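The values are calculated or read from the model by the stated rules, or taken from the named source; none is laboratory data. What you are looking at is a predicted structure, and each value in this text was computed from that prediction instead of being measured. When we count neighbours, we look across all protein chains shown, and the Cβ atoms used for this are built from the backbone with ideal geometry, even at glycine.
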Amino acid sequence: MGEVVWARAVLMLIRKGVDCGLTTAVTLASVIALVPLFSILLYVTYKGLGTVLTGGLSIFTELPPPPMVEGGGLGPAIVGTLIVVSIGAAISIPIGIMSAIYLSEFSAGEPIAYWIRFFTNVLAGVPSIIAGVFSFGLIVLTTKTFSAVAGGAALSVLMVPVITLATEEALRLVPQDMRQAAYGLGSTSLQTVTKVVLPTALPTIVTGITLAIARAAGETAPLIFTALFSQFYLPFDTEGPGALFNQPIASLSVLIYNFALVPFENQQKMAWAASLVLLGMVLISSIIARTATRRNM
Amino acid sequence: MPEEKTNTFSALTLWVRWVNIGFIYLTCTVSVAVALWVLAIISVLIHDAQAAFHHFGMAFLMSSSWNPLGNNGQGQYGILPQIYGTLVSSWLALLIAVPLGFGVAIFLTERWPLVPPGLQTLLAFLVELLAAIPSVVYGIWGIYVLIPALVPLTMWLHVHFSGIGIFSQPPTRPSMLVAGLVLAIMILPTVTSLAREALAAVPPDLRQGSMALGATRWETLIHIILPTARSGLVGSIMLGLARAMGETMAVAMVIGNSNRINISILQPASTIPSLLANQFAEASGLQVSALMYAAFILLIITLLTNIFAEVLIGRH
């Protein structure tokens, strides 16, 4: 009898021990997972903040420095990122919203909706470098020049699925009663969508679009051989709007890539300053977008 | 007079109806176009890779020469080292990210006596933030922080385990190991959030039943919850794998871009995306076509992995 009691006690102890050990392991995993995040945030701030502060406002306007020359700034890269991302947004926002409207409003009971959603998800999984290769093949090889438009088109491949899926989710959150009330008053589908459903879902849609834009602003791979890089601002004064189609254009992310790998300390400093600016833009917009949605729901 | 009124009215309603139907068809067309976009990408790659398909055929996948001046100046290309590097670096990333990500996911979905739910929400948010950091920032951090920090570890591994193939050669600063580590950090949010969704979807009855029979928390997790969530968990691994294989900038900055197969993970290597990133801007002629061929292979591998993951996760 005594042996059985002993055996039970030992078994219980082992079970408890295994339980505690595994609990410690997952707690440890959670702590380890946070180390890279804080390391990156702190180190980028530490390396970039000095340059940004000593440069002051001129960091945001001046041209990037040649090797071994102090000073300089990120002007063309910041403007370039804004231009290329705007082109990407201009292509992908209408497409994404229209596609989402079909999926959420007009595709009820259509088997094709399943496949559209499936392939939109597949498109979301296309590696970002492939988006660049696609735009290179379609636009750069055709126009024989690197350009802001080629870069924006590459980014739109990445933005469309994100915007589509986020917008569809936002539209689905709109209560069915509101649609029925609109139809009951004699509205057409077009009127119901544009005057009732879209305005109601707008805050959530804006969140999805902000996240897509933030993600696109940080992308490098789609730009390195479509938008390429430039030390200067786009020559709008001599070329007009055509400069968007026939000139390579700078961007923050490509500047980081180029300057991180050179042996010149002043350019490395610029790469860190650009990392801080880019990280700040991307993180702040995604944090705002995320907390905003949480409040809505 | 009344007749005229009716006429304008019906003409107007007719017009409104036509616009309405047009709108529905327009959204449908756009939606189908988005779905077909993947096919458009594939056909552009196939079209531009024709010359390379014709020149190299399947030997492209088995050869390890990348020489624009070879083959009498025409160029001789093959991507075996890049295929090897893509697979090894992404599997290395999984080896680290999956246990870590599953651990975090379990920590986030369980209720713990000492952990307030607010802390779990905060942790989930912080892990998600890792996904928002641009790839190129991971790259510059990898070069200036991770690589120097890893030197003692890689030296130690080489000195003590040089008998094992993967540690057999003296460590270099950029290497396959660094690339694997950076990739692991980058796919951690993907693996964690999908694993968390899979675990949270397990019906609470199963847990309660198991606990009622006297199982401990971890016996319940290991025997009931993880097996029930199996397909979602495998899906999270596959999606992480697809992300890792397609990731470009961070890898191109820390892997060393050497065009040969080296069994030692302490030595430089190359992946298909890093090859594309390094060569495309300056390529011309047959080299462009060879790069398109490489991009086509990468797209097919990642698409198949992705589709497999989507089917497993089944979230349509």
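Against the list (1) surrounded by fewer than 24 Cβ atoms within 10 Å (Cβ to Cβ); (2) closer than 25 Å to A:Ser253 by Cβ; (3) not small (Gly, Ala, Ser), the condition B:Phe308 fails is (2). When the residues of the stretch A:8-46 are narrowed to those that are within 7 Å of chain B (Cβ to nearest Cβ) and closer than 15 Å to B:Trp112 by Cβ, which ends up surrounded by the most Cβ atoms within 10 Å (Cβ to Cβ)? Ranking the qualifying residues of the stretch A:8-46, first place goes to A:Ser30.
Residue-by-condition table, conditions (1) surrounded by 14 or more Cβ atoms within 10 Å (Cβ to Cβ); (2) modelled with pLDDT of 95 or more; (3) more than 14 Å from chain B (Cβ to nearest Cβ); (4) in contact with a strand residue (DSSP E or B) (Cβ under 8 Å, 6 or more places away or on another chain):
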residue	(1), (2), (3), (4)
A:Pro235	no, no, yes, no
A:Phe245	yes, no, yes, no
A:Glu265	no, no, no, no
A:Leu276	yes, yes, no, no
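Listed here are the helices (runs of 4 or more DSSP H) enclosed by the stretch B:204-316 that have at least 2 residues being more than 30 Å from B:Leu153 (Cα to Cα): B:204-212, B:217-220, B:230-246, B:272-279, B:286-313. Evaluating B:Val151 against the criteria (1) touching a Lys or Arg at 6+ places or on another chain (Cβ under 9 Å); (2) crowded, with 17+ Cβ neighbours inside 10 Å; (3) more than 9 Å from chain A (Cβ to nearest Cβ) leaves one unmet condition, (2). If the condition is being among the hydrophobic types (A, V, I, L, M, F, W, C) and either over 20 Å from the mean Cα position of the chain (by Cα) or more than 10 Å from chain B (Cβ to nearest Cβ) (or both), then the stretch A:248-263 contributes A:Ile249, A:Ala250, A:Phe259, A:Ala260, A:Leu261, A:Val262. Tallying residues that are under 30 Å from B:Glu282 (Cβ atoms) and either crowded, with 24+ Cβ neighbours inside 10 Å or touching a residue at least 24 places away in the same chain (Cβ under 8 Å) (or both) within the stretch B:66-109 yields 19. A:Pro67 passes every criterion in (1) more than 14 Å from chain B (Cβ to nearest Cβ); (2) modelled with pLDDT of 95 or more apart from (2). Within the stretch A:139-178, if we keep just the residues that are hydroxyl-bearing (Ser, Thr, Tyr) and not in a loop (DSSP other than H, G, I, E, B), the residue that is farthest from A:Arg117 (Cα to Cα) turns out to be A:Thr143.
If you go through the stretch A:101-116 and keep only what is facing another protein chain (nearest Cβ under 8 Å) and either in contact (Cβ under 8 Å) with a residue 40 or more places away in the chain or closer than 18 Å to A:Thr207 by Cα (or both), you end up with A:Ile101, A:Leu103, A:Glu105, A:Phe106.
Mind checking whether some residue in the stretch A:249-265 is more than 30 Å from A:Met68 (Cα to Cα) and in a helix (DSSP H, G or I)? No - not one qualifying residue is present in the stretch A:249-265. When the test is whether a residue is touching an Asp or Glu at 6+ places or on another chain (Cβ under 6 Å), part of a helix (DSSP H, G or I), modelled with pLDDT of 95 or more and buried (at least 20 other Cβ atoms within 10 Å of the Cβ), A:Ala89 does not pass it.
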